[in-house]
Amino acid sequence: MLCCSLHATVPESSPVGNGAAAARKVGRVLDTSPLTAAVERFADRLRAMPQSRLQQGAAAVALELARELSVRAQALEAPRQGAGAAPAREIPDAGVFVVGDQVAVAGLDLAEALRAAAAEGPSGLPETAKAPSGMLDEAVRLVEQAEAGATR
């Protein structure tokens, strides 16, 4: 026989935001899975490459991509940070064995920034910015081009 009540196991309010006071506007959700899949695939290929291949130019291509993805993510986040935001930070050259992780982190940061920009709607973007879906397509192309250049 069940001896405890349901009220003992279900909290009155949830940290997730079930209460009326915690209600928030949910905007358009952007599917960034094409970008995350491309980034993770390229990062895995970089991690598996031998040192000689990385030193022949694959690491330089990957670092350039990571820096570009990082700049794009920071540009999307800058309007939300306000006018006093710090200048864009550059991803350092930490060696050929780290570029796979750098590409992964920069790509996933960009994916998150794109999702946040899409959820905010046009008000969260500068007037000259493309739509987040267009930025997503462009980022996927950049990753695919870098992967093709680094693995040939």
Return yes or no: is residue 24 at pLDDT below 95 and either surrounded by fewer than 20 Cβ atoms within 10 Å (Cβ to Cβ) or not in a loop (DSSP other than H, G, I, E, B) (or both)?
yes
If I filter the stretch 33-51 for residues that are at pLDDT below 95 and open to solvent by 70 Å² or more (accessible area, probe 1.4 Å), do I get at least one hit?
no
Please go through (1) surrounded by fewer than 15 Cβ atoms within 10 Å (Cβ to Cβ); (2) of a type in the set (D, E, K, R); (3) modelled with pLDDT of 95 or more for residue 80 and return the number of the only condition it doesn't satisfy.
(3)
For the stretch 98-110, state whether one or more residues are of a type in the set (Val, Ile, Thr), modelled with pLDDT of 75 or more and in a loop (DSSP other than H, G, I, E, B).
yes
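The values are calculated or read from the model by the stated rules, or taken from the named source; none is laboratory data. On a predicted model such as this, the values are computed, not experimentally measured, just so you know. Reconstructed Cβ throughout: ideal geometry from the backbone, glycine too, with neighbour counts over all protein chains shown. Accessible surface areas use protein heavy atoms only, side chains included; no ligands, DNA or RNA. Shrake-Rupley method; radii C 1.70, N 1.55, O 1.52, S 1.80 Å.
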